Every structure is written in C-alpha cells, then in structure tokens.
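The values are calculated or read from the model by the stated rules, or taken from the named source; none is laboratory data. Bear in mind the structure is a predicted one, so any value in this text is a computation, not a measurement. Please note: Cβ atoms are built from the backbone with ideal geometry, for glycine as well, and neighbour counts cover all protein chains shown.
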Amino acid sequence: MNLAESLLHGLKKYGVEEIFGIPGDFALPLFKVMEESEILPLYTFSHEPAVGFAADAAARFHSKPSVAAVTYGAGAFNMVNPVAAAYAEKSPVVVISGGPGASDRSTGLLVHHQAKQLSSQIQMFKEVTCDQVILDDPATAPEAIARVLRNCIIESRPVYIEVPRDKVFEACSEVPVLSTDLEVDAEALNACAEEIIERISQATSPVMMVGVEIRRYGLEEEVRELCQKLDIPVVTTFMGRGLLAGQDVPLQGTYMGMAGDADLTHMVENSDALMLLGVLLSDTNFGISEKKIDLRKTILASDGQVSLGYHSYLKMPIKALVKALNEKLKMQNVTSAVQVEYPHNLSADDEAITPTDIARAVNDMFKENDLMPIAADMGDCLFTALDIENTELVAPGYYATMGFGVPSGLGLQAATGRRPIIMVGDGAFQMTGWELLNCKRYGWNPIVLLFNNSSWEMLRAFQPESKFNDLDELNYADIGNSLGGTGHRASTRKELKESLQKAIADESSFQLVEIMLKRGQLSQTLSRFVGGIKKMRESS
C-alpha cells in the first residue's frame, strides 16, 4: 500500500464518504490514486471555493468529515475563505493539498505557486484549521494522519494535510483508528448534570435554545429525547435553523430577536433559565436581541465546557453532557411543537413577485409534495428561507460569505442522494453558480431558485446610496439552459407557480427558476434584521 492509498483508507475509517476537488500539477499523482483506486467517490468542480463549500455542506449533513482536495499554492490559497467559513461555523472539512517534493525544494529556484516561502501555505492554514501535517515521512505518516483526523472530529473543525508529490507512491502502513471519545471526570459530569436539572426545575420560565453543535456532533436524536424529557419550550438559533425539523418536540420556532416573532423573542429574553445547548455566541444569533441576554441566568453548553452563571465546568463535551442528562431524566407527556404560521396559498395572478410570494410558493409545493432540504446563500434568499416550513437547512448563517449556495447544494446532494432546493441571489450566483455545469456529469438535479433583482440587495439595505450595488441584468434562465439544465423565468406570481410545478415534475436535470424581483424590495424578516443591526450600531 502506498502513502496515498493509506491516506484514503484512513479517511474512510474516520467516516469520510466523498472527496470534492480540483487537480493541479502538484496534486496530479494524488488525484491519480484517488480516481483509479475508487476508495472514495471523487467529484471535481470548476473553482476551488466551490470545492470548499461543497465539502462543508457534506460534512454538515453527515455530521462527520468531508474532503476538499486541491493543488499547492494557486489551488489551496483559493480555498482559504471557504475553510475559514467552515472553521467559524464548526464544520469538519479535511483540506488535502498536493505539495512540492524534495526535488522542487533543492533547485535553488523559486517554486511556481510559491508565495513568500514554501511553508507559507501551511502557516496560513494554521489560522483556519485546528491541526495540520505535511506527510514528508511515510514512516510517521499513519500516526500523523490519525492524530489530525481525530482532532477534526473532536473539535468539529477543519484540518490540513499536505502530501508532497514525490511521496505519493512510497510504501506506507495502515492508518490506526484512535478513539474520538474524550475522557470526562465522572464526578464533575454528574454534578454538572444535576445542577442543570436543578436550575431548570426551579425556574418559572425555562427555555432551551439549540445551536449548530447539535448537528455537528450528530446529536439530534439524543437532543430530541432530551427535549421530550425536559418538556420545556425549545427554539433554534438563526444558525441552527432546520434543527429538529419534523421531530415531536415542543419546538416554538427560530429566535431572531427584534427581527423575529415578538412573543418568541419575549419568551427567550425573559427566561429565568435559558439553556443554550451547542450555541455559538455570535452577532447573527444575538446581535439584534431586544434586550441583552442575562448570562447570569443562562446555562451555556458549548465549545467543550458548561457555564452556569459564574460557575463553570471545563472539559465537559456536549455529547457526554446530553447523555448524562438523558440518563437522569424521565420521559414526560410531551408538549407538541407550536404550529408556526408560515405563508401559504400563493395567488396565481399577474402581480409582481415579492420575497414572501417565493416562500408561499415553496410552502405550497411542500404541501403537495414532500419536504426538501434547502441550501441557501447569504442575502435575502436566506431570510426568505426562514418563512418556509421548517426543513433541513444549510447556510452560512454566521460567517455570512457569498457564493455558498450553489456548491453547498451540490455537496448536499452528493452526500445524501436527496434532491435539494438551492436559494441564491444573482450576485452570489455570479461567483459560484457556474458549478451547475457539473450536474450532468454526476446526475445531480437540484431546483435552483435564483432571486434576480440585478443588485447586491442586502448591501444596498445597509448603504442604499452606493451605486456599486447595481448589477447588470442577465438572463439566468438562458444561462441555466446553456449549463445543461432547464431554465424558467418568472416575472409574475402566476409564472412563479407554473415554473415551480414544472421544476418539481422534471427530475431529468437541474431546474433553474429565475425569479424577477424589483430593486429595493426586501423580505420583512431581512428588513427587521437590518433595522436591528443599524440600531445596535447606533447605540454602541
């Protein structure tokens, strides 16, 4: 077995199910082994950012690592932003880069794709990954690979592996499997669980808020059980939208502060025992709260520790905590989820389309068919998704990078085999939408809802006077046809309904529904969100 084969088998042992990548000269030997060995499926894209976003989405849906493979320098540097997004949002992406070999380093010449130094690349990735290794010694490579992949799983964050091109075919032993379970102080765990239960039982208005770590560590089933046993109101964060979708738990909706439902906001912000389970304390989750959350009355279980007011338990993994709580609690008569009123019943007339109309149309489609997972880009497409029935959702809710939508939808379908809805604005589509040309090769058939207002509309909402927000008007329906799918253009509510009906019925290729919107038109949720952010900035 050579080094590349050892690496690929090791990835598979640690749960990886696919590789997304773009080859290049330093990575050609590695890609040769990837393709010919068929140890893992290989999906090649057209631009490195899309590779990173696709692997991120696959990792989120698997709740285990996925791979983004590139070449040295020009390839890897191109993927720093997606990896930074994965780091910020705790997604276990394994970055594998080809690298210069010994002969490249010994010529006395600068190596092409080199930046400041040959080591510049790994130094840069140290900022956006939790562990790194250059596999320059096949004798030590198996243990190094095992260590890096273990940390990827434990921390649920990206890692970096560089493979010098002259080491790919050298003999190498198997990668060992290390335990990813962390040691926990049993007494501390017991005391922590009992203190949480006591705090909640004494509260008059307890609330549980669930966040992204629940999905990252594959804990949705265990958290569903915990919600049923506690039987207290449950909400998701903005980043955690889509968690516990369709589960029989007392789910109230998504907390959005002053941009969301007033009653839900009041319930969360006035809770005397708010349990934040797997929640990141980010500005998108809490930056537009009507009043600041009182952390002295809050139970925060995140990033491997638990804080109860001024009392903290360190080295307390969320997986062990949820298990301990479930063992101590008994099942209750579960309060059903609140029936959130989402917009339905689109009027099929000749009126212009609004973002709320898009939500109505999708909700009507879901009512007639099954729910579908959604991959959303940043912008009003994501805020419109909050008006759609609670279904599985992948989006850059905290890092807020554009260009995520299309490749993440393709990564979602590659990872799960399920047909997704992709929601994307015209500005973000111009960045990565061209990846749809790869759908035909792999048999992918997403439904793409493209919000076309010839504008960077979310930026305009914050700074309306800037003319750079105006984009040229393109016919994206025609572009969809050129890329190998079927394009539809909808300018009225009637055309929107008809286009969606055609799209859901045609599974032969991807369906791109170009939805014409007026400039300056925002969803109500985004309008409230922007207003909240502006108010926060003015008061700071």
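Observations on the structure shown:
- Flag if T236 is free of Cβ contacts under 8 Å to residues at least 60 places away in the same chain and within 28 Å of the chain's Cα centre (by Cα): yes
- Qualifying residue in segment 109-119 (condition: in contact with a Ser or Thr (Cβ under 9 Å, 6 or more places away or on another chain) and closer than 18 Å to G411 by Cβ): no
- Flag for L496 being assigned by TED's automatic domain parsing to the domain that holds G427, surrounded by 22 or more Cβ atoms within 10 Å (Cβ to Cβ) and either modelled with pLDDT of 95 or more or acidic (D, E) (or both): yes
- Qualifying positions in segment 468-488 - over 14 Å from N453 (Cβ atoms), touching a Phe, Trp or Tyr at 6+ places or on another chain (Cβ under 9 Å) and not in a loop (DSSP other than H, G, I, E, B): F468, I479, G480, T486, G487
- Residue in segment 220-238 that is modelled with the highest pLDDT, counting only those that are in a loop (DSSP other than H, G, I, E, B) and touching a helix residue (DSSP H, G or I) at 6+ places or on another chain (Cβ under 6 Å): T237
- Cβ-Cβ under 7 Å pairs, at least 6 apart or on other chains, segment 58-71 side of a type in the set (F, W, Y), far side part of a helix (DSSP H, G or I): F61/L412; F61/A415; F61/T416
- Any hit, segment 285-301, residues being among the small types (G, A, S), out of contact with any Pro (no Cβ under 7 Å at 6 or more places or on another chain) and outside the structural domain of T265 (by TED's automatic domain parsing): no
- Summed over segment 293-320, the residues that are surrounded by fewer than 17 Cβ atoms within 10 Å (Cβ to Cβ), under 18 Å from V212 (Cβ atoms) and over 24 Å from the mean Cα position of the chain (by Cα) give a count of 0.
- Of the residues A186, A191, the single one that is without any contact (Cβ under 8 Å) to a residue 24 or more places away in the chain and not aromatic (F, W, Y) is A186.
- Taken over segment 257-279, the criterion of being part of a loop (DSSP other than H, G, I, E, B), surrounded by 22 or more Cβ atoms within 10 Å (Cβ to Cβ) and at pLDDT 90 or above is satisfied by S271, G278, V279.
- Evaluation of Q132 against (1) modelled with pLDDT of 95 or more; (2) under 30 Å from L295 (Cα atoms) (one fails), failing number: (2)
Okay, residues lined up against (1) of a type in the set (A, V, I, L, M); (2) buried (at least 18 other Cβ atoms within 10 Å of the Cβ); (3) within 27 Å of the chain's Cα centre (by Cα); (4) closer than 19 Å to A428 by Cα:
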position	(1), (2), (3), (4)
S455	no, yes, yes, yes
M458	yes, yes, yes, yes
F462	no, no, yes, yes
D470	no, no, no, yes
L474	yes, no, no, yes
I479	yes, yes, yes, yes
V513	yes, yes, yes, yes
S523	no, yes, yes, yes
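- Restricting segment 415-433 to residues that are under 16 Å from the mean Cα position of the chain (by Cα) and not in a helix (DSSP H, G or I) leaves a set whose member that is surrounded by the most Cβ atoms within 10 Å (Cβ to Cβ) is V424.
- From the list F26, F53, F45, the lone residue that is touching a residue at least 60 places away in the same chain (Cβ under 8 Å) and closer than 17 Å to V394 by Cα is F53.
- Here segment 69-106 is the region considered, the condition is being among the hydroxyl-bearing types (S, T, Y) and part of a loop (DSSP other than H, G, I, E, B), and the residue that is surrounded by the fewest Cβ atoms within 10 Å (Cβ to Cβ) is S106.
- Segment 239-256 - residue that is aliphatic (A, V, I, L, M) and either over 19 Å from T204 (Cα atoms) or surrounded by fewer than 22 Cβ atoms within 10 Å (Cβ to Cβ) (or both) and, of those, nearest to the chain's Cα centre (by Cα): M239
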